[in-house]
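The values are calculated or read from the model by the stated rules, or taken from the named source; none is laboratory data. Given the structure is predicted, the values throughout are model-derived calculations rather than measurements. All Cβ positions, even for glycine, are placed from backbone atoms using ideal geometry, and neighbour counts span all protein chains on display. Note: areas computed on protein heavy atoms with side chains; ligands, DNA, RNA excluded. Shrake-Rupley method; radii C 1.70, N 1.55, O 1.52, S 1.80 Å.
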Amino acid sequence: MEKNRDTESWIGAGQISAAAEHLIIRLEDAKNSKRSISIVLLSTSVAVSGSVIFGSSVGFSAPAQSGIMNDMSLSLSEFAVFGSILAIGAMIGATASGRIADYLGRKGAMRVSAICGVVGWLAIYLAKGVILLDFGRLSSGFGIGVVSYVVPVFIAEIAPKDLRGGLTTLNQLMIVGGVSVTYIVGTLISWRNLALLGLAPCLVLFLGLFFIPESPRWLAKVGQQELFEKSLYRLHGRDADISEEAAEILENVETLNKLPQSRIVDLFQRKYIRSVIVGVGLMAFQQFSGINGIVFYASQIFVSAGFSSGNFGTILMAVIQFPLTAVGAILTDNCGRKPLLLFSSSGIFVGCFLATVSFFLQGQGFKAGWISVLTLSGILVYIGSFSIGMGAIPWIIMSEVFPINIKGTAGSLVTLMNWFGSWLLSYTFNFLMAWSSWGTFFIFTVACAANIAFVLKLVPETKGRTLEEIQTSMNS
C-alpha cells in the first residue's frame, strides 16, 4: 500500500510538473507572439507614414487653392496645372517604383520617397513664382508615386495572413488621415505653413526606417539568406519556429527565379493576365469613378452647389473619412475583400447619382435650399462609401495577386494606371464642371455602375489565404 501511495504521489508530481512545463511554454509562446506582433505593428506604423505623405500631398490643393491663386496671381488653368502636376510626378514615380523597390529593397524605396517629399514641400514653401511651385509639386508627386506602390507591398510581405488585410488597409486609413488633417488645418493656417507641416511625416518615415526589418521575401529574392532569416526571426520572435514559412518562401522564390526577368509584355501571358486585369481594372474604376476630382477640388464643388464657402463641406468630408476608413480596416479581414468592395461600390454609385440629380435640378432653374443639401449629401455618401472599401481594397488586392517575379513590373503598371487616372481627373475636372456639372457626375455614375459589374464578375476573394496560395490560384 505504501508503495502504491509513493507511485501515485510520483505520478501526481509528474502531472503537476508536466502541466507547469506546458504553462511555461504557453507563456513563452505568448511572450514571443506579443514581441513579434509589436515588431510587425512598429514596421507597419513606420511604413504608413508614407501614406500620410500621400494624403497630405493630395489634400493640399483644396484648402490652398484660393490662397495660392491670390498670392501668385494664378489663372484657373495655371492652378489646374499645379494641381495635376502632382499626378504627373506620381506617374513617373509609379513607372519607376517597381524597379526601385526591386533594386533598393522596400525600405530603400521608402527612403527615396521621403527625400522627394522633403524636397517637394520645401520648394513649395519657398516658392516665389510658378516654376519652383510646380517643381515642388512634381517632386512630391514622384515620391508618392513610389510610396503608393511600395507601402502596401511591404506591409503585405511582413504581415501574418490573418492580419494582412487589416494592416494593409492602414495604408488607406493614413492616406485619408493625411487628407483629413490637411483639409481641417488648411482652413486655419496659410498655405505656406501648411506646406511646412507636410515635412513632418517625411522625417518620421526617413528616420523610422532605421528601426525596422526589411521584407523577408525581398531578401530571399535577392539571395541574402542570413538577413532573410534574421528578418523572419525579428517579425516572428527569436524563439519562433520559422522553418515552415521560410521553406515555403524559398521554394516559391526558387521556382520564380528560374523564370526570365519580367518585362511589361510578359504580364500579358495567359498565366498572368487575370491578375493584371484585376489589378489594373480596380485602379481604373477607383479613379474614373471621380475620387481625385472630388478630393482635389472639393471646396469648389460646394461653391458650385450654392454654398457661400467650401469650408463647411470639406470639414464634414474630413470628419467622416477617417472613422469610416477605420471601420473598413476592421471589416476587411472579417467580412472579406469582395463583399466590402461590392458594398462600397454600390454606395459610391448612390452618392454620384444623388449629386447628378441635384446638379441637374439646379441647371433646370430650381433654387431651393434643399438642392444644395442634396449635393452635400451625395458627396458625403460618396466619400463615406469610398472610404470603407474602394479606397483601400484595390491596393490590398494589388499587393496580393502578383507573384514576386513580376511584382515589380506589374506593380509599376498598376500604380501607373492609378496615377494616370488621377492626373486625367485632376486636370480635366474643372473644365468638365464648367461644361456641365450634372454631366460630369453622370459620367462618374456610369463608371460606378460598371465597377459593380467588374467586381461581381472578376475580382477574387483573398481573405485568409497566404500570398503563395492566392498567386497559385490566380496564375494557374
Worksheet item: In percent, what relative contact order does segment 61-196 have, based on Cα pairs under 8 Å that are 6 or more apart in sequence?
Response: 32
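If you wrap segment 327-402's Cα atoms in a convex hull and average its projection over all directions, what's the area in nm²?
Working: hull surface 22.1 nm².
Mean projected area of the Cα convex hull: 5.5 nm².
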Discussion item. So if I place +1 on the C-beta of Lys and Arg and -1 on the C-beta of Asp and Glu, and nothing else carries charge, what would the dipole magnitude of segment 166-286 be about its Cα centre? I want it in debye, nearest 20.
Written reply: 640
Item to complete: Just need log10 I(q)/I(0) for segment 131-224 at q = 0.22 Å⁻¹, Debye formula, equal scatterers on the alpha-carbon atoms, no solvent, rounded to two decimals.
Response: -1.30
Response to the item:
Surpassing 18 Å at the alpha-carbon level, of the pairs K338/K463; K107/K258; K107/K161; K107/K463; K161/K463, are K107/K258; K107/K161; K107/K463
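Whole number please: convex hull volume per residue, Cα atoms of segment 167-270, in Å³. Each step should come with its number before you reach the end.
Working: hull volume 19.4 nm³, N = 104.
Here the figure is 187 Å³ per residue.
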Worksheet entry | Residue-by-residue Karplus 3J(HN,Hα) for segment 112-119, coefficients 6.51, -1.76, 1.60, Hz, glycine and proline x | 4, 4, 4, 5, 4, x, 4, 4
Worksheet entry | Cα centroid separation, segment 379-416 to segment 138-155 (Å) | 13
Discussion item. What does the charge count around S49 come to, taking other residues whose C-beta lies under 15 Å from its C-beta (Lys +1, Arg +1, Asp -1, Glu -1)?
Written reply: +3
Discussion item. What's the magnitude of the charge dipole for the chain around its Cα centre, counting Lys and Arg as +1 and Asp and Glu as -1 at the beta-carbon? Answer in Debye, nearest 20.
Written reply: 940
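Do any trypsin sites (Lys or Arg not before Pro) in segment 67-129 lie in a DSSP loop with no more than 15 other beta carbon atoms within 10 Å, and if so, which?
Details: sites: R99, R106, K107, R111, K128; in loops: K128.
Sparse-neighbourhood loop trypsin sites (Lys or Arg not before Pro): K128.
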Response to the item:
Yeah, segment 185-335 with a ≥ b ≥ c from its alpha-carbon gyration tensor (a/c under 1.5 is rounded, else prolate when a/b outruns b/c, oblate otherwise) is prolate
Fill in: Option label - Rg and Dmax of the Cα atoms in Å computed here, alternatives [x] 28.7, 91; [y] 23.8, 81; [z] 24.9, 104
[z]
Discussion item. Taking the solvent-accessible surface of protein heavy atoms with a 1.4 Å probe, what is the per residue accessible area of segment 63-134 in Å²?
Written reply: 39
